[in-house]
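I have placed the structure first, in the form of structure tokens, so that the comments after it can refer back to it.
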Amino acid sequence: SSGINAEYGYLVGLGLGDVKDITVKGLEVVRSCDQVFLEAYTSLLISSETSELESYYNKKIQIADREVVESGCECILGPAKEHNVAFLVVGDPLGATTHTDLILRAVERGIPYKVIHNASIMNAIASTGLQLYNFGETVSICFWKENWRPTSFVDKIIANLKRGLHVLCLLDIRVKEIDWTKMVRGQKVYEPPQYMSVNTAIQQILENLKERGDEDGAVLSEDTLAVGVARLGSDKQTIISGTLRQLADTEFGEPLHSLCIVGKLHALEADMLRHFAVDKSVIPVL
């Protein structure tokens, strides 16, 4: 038997690239479930549409957006009391804290759950040649707005670099965000989706550094080495290393993008970065 029991809530990782990145076990689970939900706001499958997932899994898929998941998950957990329900997450199911919350809600309701893991940005970032052991705290960079420009992400980057650690920066995805200017008139209107590029992330970092003056210039500046990645884990992935200044003007193409700020380099890491470099001369020979 495939070991798929009755009345479970399954959290299934889909991997990063396309419909075929699901694991064999994950696919068995999805095909055995009565209802299938796809989490559609912390990430997206780079190379596959929902319709492709439906035909490959041979299942109708319901989209679970932020409102559904964060407002109690009742439409997901309700059916899980009597049926097998799969909750599909791009990357690994436990890469985002929201999904831990879903598990806790299931536990409260006495619904048994299983997690089926998959590759995520958190381990695939090793494709850059930077060793996973040498990464510090992961940092999220969100889009600045006119009147809201948080800068704590720069503090976290600097804290990591002071310890010699690389920093993975996850870049903002805004999907199905309410347009509050229209909401005031009583209409529920959503903003068009936005995916932060490596270029925007670097621009925000450099702007904030300018505002800070020179206090942290020795740790983080436009000459700091970084690696931009786009569509990681797909057939169209792009990895480019260079200084922040160089990468600010480099074209990375379609989403999704992530950014690594480089800490203390080991010789092997430097060799790999040279392989991906815009300009090999900026990567130190160790």
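The values are calculated or read from the model by the stated rules, or taken from the named source; none is laboratory data. Bear in mind that the values here come from a model prediction, so they are computed numbers and not experimental data. Don't worry about glycine lacking a Cβ; one is built from the backbone with ideal geometry, like all the others, and counts go over all protein chains shown. When the accessible area is computed, the model is the full protein with side chains, heavy atoms only, and any ligands, DNA or RNA have been set aside. Shrake-Rupley method; radii C 1.70, N 1.55, O 1.52, S 1.80 Å.
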With r as the distance between the Cβ atoms of LEU268 and ARG109 and R0 = 45 Å, compute the FRET efficiency 1/(1 + (r/R0)^6) and round to 0.05. 0.40
Take the solvent-accessible surface of the protein heavy atoms, probe 1.4 Å, and return the percent of it on the chain that carbon and sulfur atoms account for. 51 percent
To the nearest 20 debye, what charge dipole does the chain have about its Cα centre, counting +1 at the Cβ of each Lys and Arg and -1 at the Cβ of each Asp and Glu? 280 debye
Å² of accessible area per residue within the chain, as computed with a 1.4 Å probe and no ligands counted: 50 Å²
Taking 7 Å along the Cα-to-C-beta vector as the label spot, tell me the ASN147-GLU222 distance in nanometres, rounded to one decimal. 3.2 nm
Along the range 214-224, what does the Karplus equation 6.51 cos²θ - 1.76 cosθ + 1.60 (θ = phi - 60°) give for ³J(HN,Hα), rounded to whole Hz, x for Gly and Pro? 8, 4, 10, x, 6, 8, 9, 8, 5, 8, 5
Among GluC sites (Glu not before Pro) in the range 168-257, those in a DSSP loop whose Cβ has at most 13 other Cβ atoms within 10 Å are GLU215, GLU251
Hey, could you pull the Cα Rg and Dmax for the range 115-265, both in Å? 16.5, 54
Using the Karplus curve 6.51 cos²θ - 1.76 cosθ + 1.60 with θ = phi - 60°, what ³J(HN,Hα) values do you get for each residue of the range 37-45, in whole Hz, with x for Gly and Pro? 10, 10, 6, 10, 9, 8, 6, 9, 6
Expressed in nanometres to one decimal, the distance between label points 7 Å along Cα→Cβ at THR97 and THR138 is 1.3 nm
As an exercise, use a Förster radius of 22 Å and the Cβ-Cβ distance of LYS162 and LYS210 to find the FRET efficiency, rounded to the nearest 0.05. 0.65
Of the options PHE87, GLY253, CYS169, report the single residue whose Cα projects farthest towards the positive end of the charge dipole of the chain (beta-carbon charges: Lys, Arg +1; Asp, Glu -1). PHE87
For every other residue with a beta carbon closer than 13 angstrom to the beta carbon of GLU39, add +1 if it is Lys or Arg and -1 if Asp or Glu, then tell me the sum. -3
Taking a cut-off of 23 Å, what percent of all Cα-Cα pairs in the chain are separated by more than that? 58 percent
Ranking PHE276, VAL189, TYR8 by how far each Cα lies towards the positive end of the charge dipole of the chain (+1 on Lys and Arg Cβ, -1 on Asp and Glu Cβ), the top one is TYR8
